[in-house]
1. Please count how many residues of the stretch 157-171 are modelled with pLDDT of 90 or more and either under 16 Å from Asn57 (Cβ atoms) or acidic (Asp, Glu) (or both).
2. Can you find, within the stretch 121-156, the residue that is least open to solvent (accessible area, probe 1.4 Å) among those that are of a type in the set (S, T, N, Q) and at pLDDT below 75?
3. Restricting attention to the stretch 65-72, does a residue exist that is open to solvent by 40 Å² or more (accessible area, probe 1.4 Å) and touching a residue at least 60 places away in the same chain (Cβ under 8 Å)?
4. Has the stretch 12-30 got any residue that is open to solvent by 30 Å² or more (accessible area, probe 1.4 Å), modelled with pLDDT of 60 or more and within 24 Å of Lys140 (Cα to Cα)?
5. From the residues in the stretch 46-64 that are assigned to a loop (DSSP other than H, G, I, E, B) and of a type in the set (A, V, I, L, M, F, W, C), which one is most open to solvent (accessible area, probe 1.4 Å)?
6. All but one of (1) open to solvent by less than 30 Å² (accessible area, probe 1.4 Å); (2) at pLDDT below 90 hold for Val107; which doesn't?
7. Quick one: would you say Asp83 is surrounded by fewer than 10 Cβ atoms within 10 Å (Cβ to Cβ) and modelled with pLDDT of 90 or more?
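The values are calculated or read from the model by the stated rules, or taken from the named source; none is laboratory data. Keep in mind that this is a model prediction, so the values were computed, not measured. Backbone-built Cβ (ideal geometry, glycine too); neighbour counts: all protein chains shown. Accessible surface is based on the protein model in full, side chains and every heavy atom, while ligands, DNA and RNA are left aside. Shrake-Rupley method; radii C 1.70, N 1.55, O 1.52, S 1.80 Å.
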Amino acid sequence: RRHHADLAAGEEARAAAELGTTRFMPAEAELGAYRYRVNAAPVADSPLVINEFMVANKRLVKDAQGEFHDWIELYNRGDKDVDASGMYLSDSKSKPTKWAFPQGTIVPPHAALIVWLDGARAKDGGSSGNALQANFKLSKKGETIYLFDNDTRGNNLLDEISYSRLAEEVS
């Protein structure tokens, strides 16, 4: 048996069965588990960032197929290539793995990469030719766009940008 002062937080000590006593540490821990929420801040030194985006692109910027879709531009502000393979874009913090960059997606130093948000999944896993096409669209009413790291590196939040209502053709 351990003395109650030796109990770590959240532990339970029980006396012999015939005594029928129980002690919880911290006091009242038996009433329910504590909740603790951590809102992770973006990785401060991520070379890959969300640089620009457009919602309701109706006539300004065409994709490789000559169509108009929402888009996000990522920028590599570093001095080395960034392998974005397996990184994720999402418009939902509760679904960080909504759309994954295909294997072999490299962003050269001081270069930009556009991802088209057409709301459909391309047959080859999210790309069509050299164009990247994500399976979601952005809301004109406003929301947050998230860039998450790959699974191997723990899906850390690399960057996020929130926006409010936007007019058509505004980036």
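1. 2
2. So, considering only residues that are of a type in the set (S, T, N, Q) and at pLDDT below 75, the one least open to solvent (accessible area, probe 1.4 Å) is Ser127.
3. Yes, some residue in the stretch 65-72 is open to solvent by 40 Å² or more (accessible area, probe 1.4 Å) and touching a residue at least 60 places away in the same chain (Cβ under 8 Å).
4. No, the stretch 12-30 contains no residue that is open to solvent by 30 Å² or more (accessible area, probe 1.4 Å), modelled with pLDDT of 60 or more and within 24 Å of Lys140 (Cα to Cα).
5. Checked the stretch 46-64; the qualifying residue most open to solvent (accessible area, probe 1.4 Å) is Leu60.
6. (2)
7. no
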